[in-house]
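The values are calculated or read from the model by the stated rules, or taken from the named source; none is laboratory data. Bear in mind that the values here come from a model prediction, so they are computed numbers and not experimental data. Here the Cβ positions follow ideal geometry from the backbone for every residue, glycine too, while neighbour counts run over all protein chains shown.
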């Protein structure tokens with residue numbers, strides 16, 4: 001991790017830094033997946049994944065906030081006094097979260113209702129704060145955007161996997177359309193409820209641990 | 001909205017609507033600090049105290065400052081600032097007046113600022129439109145519920161050290177699955193009392 005960041009600092013801030021941009025992308029989305037490998041930000045991963053739709057919106061929210069805060073923190077990194085950087089980061093993150101929350105409330109009221117407090121809780125999501133602190137403070141803006149996209153994507157993909165299986169097994173539906181017919185499949189309500197979330201995430205992390213290798217492969221539990 | 005008594009909300013927040021096992025709040029420190037019963041008891045106490053106090057503070061600020069001024073959309077940033085400031089204050093206070101308590105709780109206090117259970121409880125209080133007394137009951141109950149859950153998991157994890165767990169599942173995954181079982185057990189309380 002450390003040597004990779006050093007390498008990134010030496011390249012130009014323009015473009016995707018040759019191969020370094022791709023490396024950052026892969027690092028965030030797969031090798032160091034914030035959710036499944038680093039176990040950060042699991043609160044929302046458990047709470048909103050009872051439907052695939054919710055999971056996707058939450059993933060989009062995190063990508064937006066992560067990219068926005070990374071960009072701003074990176075732009076201001078030379079002007080921020082070191083001692084107050086934390087509170088500055090929190091303020092920046094909160095700003096983007098408020099933006100997204102207001103956007104949801106204005107255009108997707110139902111979705112905003114369903115996600116409840118979990119949109120606001122992105123502020124305390126360790127992923128966003130962690131990336132701002134560990135990456136954006138030391139890297140140029142463009143690369144920080146790539147890092148934000150990568151980590152947001154890594155989070156969103158895992159969320160989508162969990163949401164997919166929970167909705168499929170719990171309600172027999174995907175996006176609200178019936179997939180597993182009620183005639184031969186009895187929906188397992190447990191997957192929609194809280195314990196199912198814990199089981200699903202535990203199994204997904206276990207699978208990530210097992211196949212953490214060359215090929216990303218999502219398996220059914 | 002609701003006329004449920006504060007006592008009912010208090011009980012419900014511990015058992016049927018446990019903030020950790022049904023709302024998944026405060027998972028990060030729950031997984032990270034549940035290795036030993038002693039540590040988790042310390043963290044649980046600190047969380048209960050801070051959660052109750054910040055819920056009350058945020059109630060007052062929301063209803064007497066933000067609503068009259070029409071600044072409701074700033075609630076996130078105000079709440080998180082209140083929580084951070086309060087934690088800092090408590091830390092200084094405890095350090096000055098009770099060094100023993102400071103050594104017991106000191107290391108946990110900074111962790112609490114980023115514990116989403118704290119912010120989550122304040123947000124739930126707003127969303128569910130609790131009255132002042134109800135908010136106190138909810139804050140206290142949610143804190144105690146969180147502490148109960150983390151102490152339970154710590155006890156289980158201490159025992160699990162002697163069991164033979166498949167390699168990929170060692171550590172966090174098995175803790176997650178055990179928490180699932182715990183959540184299932186807490187579902188047994190459902191129907192006892194209920195809050196929205």
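For this structure, a couple of remarks:
A quick yes/no check of all residues on (1) touching a residue at least 12 places away in the same chain (Cβ under 8 Å); (2) at the interface with chain B (Cβ under 9 Å from one of its Cβ atoms); (3) loosely packed, with under 15 Cβ neighbours inside 10 Å; (4) over 21 Å from the mean Cα position of the chain (by Cα):
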{"site": "A:113", "(1), (2), (3), (4)": "no, no, yes, no"}
{"site": "A:125", "(1), (2), (3), (4)": "yes, yes, no, no"}
{"site": "A:141", "(1), (2), (3), (4)": "yes, no, no, no"}
{"site": "A:149", "(1), (2), (3), (4)": "yes, no, no, no"}
{"site": "A:153", "(1), (2), (3), (4)": "yes, no, no, no"}
{"site": "A:156", "(1), (2), (3), (4)": "yes, no, no, no"}
{"site": "A:161", "(1), (2), (3), (4)": "yes, no, no, no"}
{"site": "A:195", "(1), (2), (3), (4)": "no, yes, no, yes"}
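- Selected residue (only one of A:84, A:122 is under 22 Å from residue B:111 (Cβ atoms) and in contact with a helix residue (DSSP H, G or I) (Cβ under 6 Å, 6 or more places away or on another chain)): A:122
- Test result for residue B:61, modelled with pLDDT of 90 or more, surrounded by fewer than 20 Cβ atoms within 10 Å (Cβ to Cβ) and either more than 17 Å from the chain's Cα centre (by Cα) or within 14 Å of chain A (Cβ to nearest Cβ) (or both): yes
- The residue that is nearest to the other protein chains (Cβ to nearest Cβ), counting only those in the range A:128-139 that are buried (at least 24 other Cβ atoms within 10 Å of the Cβ) and under 24 Å from residue A:103 (Cα atoms), is A:128.
- Hits in the range A:32-50 - residues which are buried (at least 24 other Cβ atoms within 10 Å of the Cβ) and under 11 Å from the mean Cα position of the chain (by Cα): A:33, A:34, A:35, A:36, A:41, A:42, A:44, A:45
- Matching residues in the range A:94-111 - criterion: being more than 9 Å from every other protein chain (Cβ to nearest Cβ) and in a helix (DSSP H, G or I): A:96, A:99, A:100, A:103, A:104, A:106, A:107, A:109, A:110, A:111
- Among helices (runs of 4 or more DSSP H) entirely within the range A:1-77, having at least 1 residues that are modelled with pLDDT of 90 or more singles out A:52-75.
Residue by residue, here is whether (1) within 13 Å of another protein chain (Cβ to nearest Cβ); (2) at pLDDT below 85; (3) surrounded by fewer than 21 Cβ atoms within 10 Å (Cβ to Cβ) holds:
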| position | (1), (2), (3) |
| --- | --- |
| B:25 | yes, no, no |
| B:37 | no, no, yes |
| B:43 | no, yes, no |
| B:54 | yes, no, no |
| B:57 | no, no, yes |
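- Against the test of being in contact with a helix residue (DSSP H, G or I) (Cβ under 9 Å, 6 or more places away or on another chain), away from chain B (no Cβ under 14 Å), in a loop (DSSP other than H, G, I, E, B) and at pLDDT below 80, the options A:216, A:187 yield a single qualifying residue, A:216.
- Only one entry in B:83, B:133, B:107, B:165 is crowded, with 17+ Cβ neighbours inside 10 Å and either at pLDDT below 90 or more than 9 Å from chain A (Cβ to nearest Cβ) (or both), namely B:83.
- Qualifying residue in the range B:168-186 (condition: under 18 Å from the mean Cα position of the chain (by Cα), away from chain A (no Cβ under 14 Å) and modelled with pLDDT of 90 or more): no
- Residue within the range B:90-103 that is crowded, with 21+ Cβ neighbours inside 10 Å, part of a helix (DSSP H, G or I) and away from chain A (no Cβ under 12 Å) present: no
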